[in-house]
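J.: The following block contains the structure, expressed as structure tokens.
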There are 2 protein chains.
Amino acid sequence: MSIIFTSAEAAEEAFYDAISRADLDALMSVWADEDEIVCIHPTGQCLIGALAIRSSWQDILANNPRLKVRVKRNICWEGVLFAVHSVVETIFLGNAPTPHGPMLSTNVFQRGANGWRLLSHHSSTAATSAITDPTTSESPEGGQRTLH
Amino acid sequence: MSIIFTSAEAAEEAFYDAISRADLDALMSVWADEDEIVCIHPTGQCLIGALAIRSSWQDILANNPRLKVRVKRNICWEGVLFAVHSVVETIFLGNAPTPHGPMLSTNVFQRGANGWRLLSHHSSTAATSAITDPTTSESPEGGQRTLH
């Protein structure tokens with residue numbers, strides 16, 4: 001039985017929640033049931049397909065203390081059948097109070113028969129003071145645009 | 001007068017061609033006419049909005065020898081109103097025969113009244129032997145999926 005995510009936001013929250021709980025099955029259940037799904041890690045590794053993606057996350061979850069990811073949605077583009085979120089991730093390792101990161105991620109979601117699922121997660125390390133956003137002062141929670 | 005790109009591929013080709021010609025106006029003309037467009041460079045800088053993106057590319061084009069980018073489309077997801085391309089960029093600086101990179105980029109395109117335009121370009125450095133793709137042997141030109 002697979003969970004139906006009724007929005008890209010719900011799928012995204014499930015993805016980061018699964019990372020925080022080190023729950024590999026839950027993490028993989030967020031991905032679309034497609035041969036060609038893509039995960040690019042901040043290390044520069046690019047994994048294509050569920051098997052390769054699962055294996056890489058298995059290694060990450062096994063070889064790190066518990067990862068807690070705080071996510072700020074920077075810009076979201078929402079369509080009827082797709083959504084793309086540009087997010088900033090702040091990562092806490094184990095009980096360390098000082099965050100690791102931030103990371104910049106582009107998450108691409110597809111709506112199919114089983115609700116919203118992740119097609120692509122591209123993550124890379126942010127530079128210090130990385131984000132130049134003229135809209136920040138007007139839109140502190142990040143922007144959202146609906147595409148028609 | 002703005003060019004109408006009739007496909008995401010055409011917009012993407014114009015983007016990389018503009019980089020190769022160091023043509024800032026042509027490069028900026030590929031972006032969507034939206035307040036919230038995003039460009040993430042391999043340096044970790046994240047630019048939001050046309051002014052910030054233009055300024056960053058102005059610096060890049062002014063402070064580098066001519067950049068020639070060879071692009072391999074790895075995975076493309078194509079919809080009616082959007083497209084996402086996961087590509088591998090190999091970059092040649094000036095006349096140097098040895099490439100720089102590769103870089104991994106996720107390019108997001110939107111179809112609007114003026115054809116296909118770029119919403120987001122997220123680029124980061126690939127690890128050596130970065131791409132684990134079980135489909136490569138069957139699909140050497142990269143895959144393409146149509147989403148409906």
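J.: What share of Cα pairs, in percent, lie more than 25 angstrom apart in region A:1-111?
T.: Working: 1022 of 6105 pairs.
Of all Cα-Cα pairs in region A:1-111, 17 percent lie more than 25 Å apart.
J.: While we're looking at this one, here's another question. In debye, nearest 20: dipole of the protein assembly as shown around its Cα centre with unit charges on the Cβ of K, R (+) and D, E (-)? Numbers along the way, then the final one.
T.: Details: 20 positive and 32 negative charges, 93 e Å.
In debye, rounded to 20, the protein assembly as shown gives about 440.
J.: On to the next question. How much length would be gained if the chain were fully extended between A:ILE4 and A:THR98, taking 0.36 nm per residue of separation minus their Cα-Cα distance, in nm to one decimal?
T.: Working: separation 94, 0.36 × 94 = 33.84 nm, distance 3.47 nm.
So the extension gain works out to 30.4 nm.
J.: Beyond 29 Å, what share of the Cα-Cα pairs of the protein assembly as shown remains, rounded to the nearest whole percent? Don't skip to the end; give the middle numbers.
T.: Details: 13130 of 43660 pairs.
Cα-Cα pairs of the protein assembly as shown separated by over 29 Å account for 30 percent.
J.: Okay, moving on. Using a label position 7 Å from Cα in the Cα→Cβ direction, what is the ascending list of nm distances from B:GLN58 to the same site in the other copies?
T.: 5.1
J.: Separation of region B:1-78 and region A:11-31 by C-alpha centroid, Å?
T.: 33
J.: Further question: Quantify how strongly other chains surround peptide B:39-52 by giving the mean number of their Cβ atoms within 10 Å of each of its Cβ atoms. Could the numbers behind the result be given before it?
T.: Numbers: counts 1, 11, 4, 4, 5, 12, 8, 14, 5, 11, 5, 1, 2, 4.
Partner Cβ neighbours, averaged per residue: 6.
J.: For the rotation that superimposes chain B on chain A, which residue of B has the C-beta lying nearest to the axis, and at what distance in Å?
T.: B:SER124, 2
J.: OK, next. Would you please classify the overall shape of region A:54-104 from the alpha carbon gyration tensor, given that a ≥ b ≥ c denote the square roots of the eigenvalues, rounded means a/c under 1.5, and beyond that prolate means a/b larger than b/c while oblate covers the rest? Numbers along the way, then the final one.
T.: On the way: a/c = 3.78, a/b = 1.59, b/c = 2.38.
Because a/c hits 1.5 or more and a/b fails to exceed b/c, region A:54-104 counts as oblate.
J.: Which of the peptides B:105-115, A:94-104, B:14-24 is most tightly packed, and how do the rest follow, judged by the mean count of other Cβ atoms within 10 Å per residue?
T.: Details: B:105-115: 20.9, A:94-104: 13.9, B:14-24: 17.7.
For the peptides B:105-115, A:94-104, B:14-24, the packing ranking is B:105-115, B:14-24, A:94-104.
J.: Shifting gears a bit: What is the ratio of the Cα radius of gyration of region A:7-71 to 2.2 N^0.38 Å, where N is its residue count, to two decimals? It would help to have the intermediate numbers written out before the result.
T.: On the way: Rg = 11.4 Å, N = 65, 2.2 N^0.38 = 10.7 Å.
Compared with the compact-globule rule of thumb, region A:7-71 sits at 1.06.
J.: From other protein chains only, count the Cβ atoms within 10 Å of every residue's Cβ in A:29-38, then give the mean.
T.: 4
J.: Next up: Where in chain B lies the longest segment free of GluC sites (Glu not before Pro) that are both loop residues by DSSP (not H, G, I, E, B) and have at most 13 other Cβ atoms within 10 Å? Please report the intermediate quantities before stating the final value.
T.: On the way: sites that count: B:GLU138, B:GLU141.
Counting at most 13 other Cβ atoms within 10 Å as exposed, the longest clean stretch of chain B is B:1-137.
J.: Then there is this: When the Karplus curve 6.51 cos²θ - 1.76 cosθ + 1.60 is applied with θ = phi - 60°, which whole-Hz ³J(HN,Hα) does each residue of region B:39-50 get, with x for Gly and Pro?
T.: Once rounded to whole Hz, the list reads 10, 10, 8, x, 6, x, 6, 10, 10, 10, x, 4.
J.: Let me ask something additional. Between copies, how far apart are the A:LEU93 label points? List them in nm, one decimal, shortest first, with each point 7 Å from Cα toward Cβ, please?
T.: Label-point distances to the other copies, shortest first: 3.0 nm.
J.: Between copies, how close do the B:ILE4 label points come, placed 7 Å along Cα→Cβ, listed in nm from shortest?
T.: Reported distances to equivalent positions: 4.0 nm.
J.: Within 10 Å of each Cβ in peptide B:110-116, how many partner chain Cβ atoms are there on average? Round it to a whole number, please. Don't skip to the answer; put the middle values down first.
T.: On the way: counts 5, 1, 2, 0, 0, 0, 0.
Rounded to a whole number, the mean comes out at 1.
Quick note: the coordinates plus some simple rules give every number you see, no bench work behind them. Predicted model only: the values in this text are computed from it and were never measured. Note: ideal-geometry Cβ built from the backbone for every residue, glycine included; neighbour counts use all protein chains shown.
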